[in-house]
Each structure stands twice: as C-alpha cells, then as structure tokens.
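K.L.:
Handing you this structure, nothing more for now.
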Amino acid sequence: MAKTTPAQFMRQVRQEMGRVTWPKRKEVIFSTISVFVMVIIMSIFFLLVDQVIAFGVGLIIGG
C-alpha cells in the first residue's frame, strides 16, 4: 500500500465528502421521532415482561 501525504489525504477526504448524500432536515426529524417512539414502546414492553417474570418467580419461590 502506497503512503499518502497529509495533503493527498485531505484532498481525498474532500472528494469523498462531495459524494455523500446528506439527509434532508425532514428525514432527520422523522427518523429521530421514530427512534424515540420505538424506545418508548420497547421500554414499556420490557417493563411488562419484567413484571410478569418477577411475579412468576415470586410464585415459585413463595415470596
């Protein structure tokens, strides 16, 4: 592999950054909201599963 000078590296980085397709603001907002909604849904799901398991273990142990 050939060595790259810092100047060449910076030119390559600038060239690659020009090829990047950046998401629109609306897409970023929608994705962020979707992530928060899924986190809330999964948190509630795991809370319920944890409560059911704790109840079952309590019945088995007798506590």
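The values are calculated or read from the model by the stated rules, or taken from the named source; none is laboratory data. Here the structure is a predicted model, which is why all the values come from computation and not from measurement. Here Cβ is always computed from backbone atoms with ideal geometry, including for glycine, and neighbour counts include all displayed protein chains.
K.L.:
Mind counting the residues in the range 1-34 that are part of a helix (DSSP H, G or I) and exposed (fewer than 10 other Cβ atoms within 10 Å of the Cβ)?
P.N.:
Number satisfying all stated conditions: 10.
K.L.:
Looking at PHE55, is it over 15 Å from the mean Cα position of the chain (by Cα), on the phi < 0 side of the Ramachandran plot, modelled with pLDDT of 95 or more and in a helix (DSSP H, G or I)?
P.N.:
When the stated conditions are applied, PHE55 passes them.
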